[in-house]
Amino acid sequence: MEGAKNSAENIESLEQQYDVQGLSEALKKAGIEISQLKKYLKAAARLRELEKQYGKSYQVLLREYEKKFRESVKLEYNISELLEKRKRIEEDLKVYMEQQKLTLETINKVASVLQTLQKYSIDVGDIEKLAKVAEKIAATGMDFKQLFETFSKLEDAESRLAEADKRLAETVEKLRKAEEELQSRVRLIQEVAQWWPEIESIAEVRTKLAREKAELELKLEETKQKLESLTSQYEAILGFKVNSEQIVRMIEEKKNELNRLEEEVVRKKETLQILDEELASARSLLVLLQNPELVKKDDLEALSRQFANLANIKSGVMPSLKALEPSLMENVRKRVVELVMPVIRTELVPRWVFEKLEKEFKDIVAKKVQLEEELEKIRNELGQNKSSKTSVFEQPPVQQPKQFRLLKKGVMLTSDSGVRIRLKCIYCQNSTLMMLPVKEDLAAAASKDLLVTSCSYCGKEISVDPTTLIDRFFKG
């Protein structure tokens, strides 16, 4: 396709280079059609492409083509001769097989006989000797068929004898091992006979251990029952079902929260201590400014502690108070300025300085009160977490169970199924011990009524769907 395309492009380029009209008139005079000329031009262009492709001239390509053509003719002739020879050989083979009365079946049998002879290492030249032996055996009056059957039976007998020898050797080996094991057990019995008193004592110990094991299993069963009872009570307290893993996980979460709150308390204490020192330093500075003669050693120590705290915050010793660094730095700067102002202003302090100090003093006092309230709140939460942690495995306080009441009819359900549940109030989050009615009363109320009761702590009414209680406590 690329050659035809290139030829067409070459023809178009030739038509553009030469006077096509004059060329067509010359072709008409010579009696050559334009289509024939195009064929010549295409052939010439294709020949030019072949010369470029193979790097050979037209004469060389022509000679190689003629050579290949002669070789192909010669090969076709040889093929026809070989086919003719094959045909003659097949005909000769067919004639030979007809003369010798051979068939493919006979040839296959001969091949099978040769394979059998090769299997038993018998040379083909020994067939004549075997035939003579067979002739002499026949002369004695023996039947070949019976002889071959005897030989085959003998071969089978030899194989069975070898197998029997093998089984005999295996049996002898098993017998030897059995004798060794018997001797070993005899020695063991003799040793056991020597230690018979000790064996009796061991039997007594075994009996004692079995009795102790039974007692431990009984205790384990009782412990499991107690654990199930505590788990059910804990589920009733929580209002949902949990297992031991969930309880342990909840305890770990409470521990983590407790540790976090303790760290928060420590941080709040540090902040509160810094603010106390700020308050003391402000009070000392106020005394120093108003009545220098009343300044005590503790006032100066409070100021020095303020500077020391600021230095610790700057050096990173107190990273939790890093956020207060700008305000503390500004307070120190202002107080130093206010400290020297009376000296540089003829020992007179402006009123706005005292007002500012008083305002800062009030702000610090308010902040201290706020932090003390936060600290007290954190301590209360910490105490609640500790109490909840210690009471996880404690039994709930004894409480008299209450009865459910039908919402529409207002009738109390006095029937007792023996099941006690703890109903969690949605308002105050406290639990009330309830007596669960029998399944029949719950089923009767499930379609047309609700169960209600009042919370023992806040007094608000709590409604329960009877279907929920049936599915949870009377399922199956």
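The values are calculated or read from the model by the stated rules, or taken from the named source; none is laboratory data. The shown structure was predicted, so the numbers you read here are calculated from the model rather than taken from an experiment. Counting neighbours? That spans all protein chains shown, and the Cβs are built from the backbone with ideal geometry, glycine included.
Data overview
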{"read-out": "Conditions (1) under 60 Å from the mean Cα position of the chain (by Cα); (2) modelled with pLDDT of 75 or more; number of the one not met by LEU93", "value": "(1)"}
{"read-out": "Test result for ILE137, among the β-branched types (Val, Ile, Thr) and at pLDDT 75 or above", "value": "no"}
{"read-out": "Hits in segment 425-466 (condition: free of Cβ contacts under 8 Å to residues at least 24 places away in the same chain and within 46 Å of the chain's Cα centre (by Cα))", "value": "GLN429, ASP465"}
{"read-out": "Considering residues of segment 26-39 that are exposed (fewer than 10 other Cβ atoms within 10 Å of the Cβ) and assigned to a helix (DSSP H, G or I) only, the residue modelled with the highest pLDDT", "value": "SER35"}
{"read-out": "Pick from segment 47-72, criterion loosely packed, with under 11 Cβ neighbours inside 10 Å and among the acidic types (Asp, Glu), ranking: modelled with the lowest pLDDT", "value": "GLU66"}
{"read-out": "Options LEU130, LEU102; residue that is modelled with pLDDT under 75, surrounded by 10 or more Cβ atoms within 10 Å (Cβ to Cβ) and not in a helix (DSSP H, G or I)", "value": "LEU102"}
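Here is a yes/no grid of residues against (1) touching a Pro at 6+ places or on another chain (Cβ under 8 Å); (2) surrounded by 13 or more Cβ atoms within 10 Å (Cβ to Cβ); (3) modelled with pLDDT under 80:
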site: THR390; (1), (2), (3): no, no, yes
site: LYS402; (1), (2), (3): no, yes, no
site: ILE421; (1), (2), (3): no, yes, no
site: GLN429; (1), (2), (3): no, no, yes
site: MET434; (1), (2), (3): yes, yes, no
site: VAL438; (1), (2), (3): no, yes, no
site: VAL452; (1), (2), (3): no, yes, no
site: LEU469; (1), (2), (3): no, yes, no
site: GLY476; (1), (2), (3): no, no, yes
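Okay, residues lined up against (1) out of contact with any helix residue (DSSP H, G or I) (no Cβ under 7 Å at 6 or more places or on another chain); (2) assigned to a loop (DSSP other than H, G, I, E, B); (3) small (Gly, Ala, Ser):
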site	(1), (2), (3)
SER415	no, yes, yes
ARG422	no, no, no
LEU433	yes, no, no
VAL452	yes, no, no
THR467	no, no, no
ASP471	yes, no, no
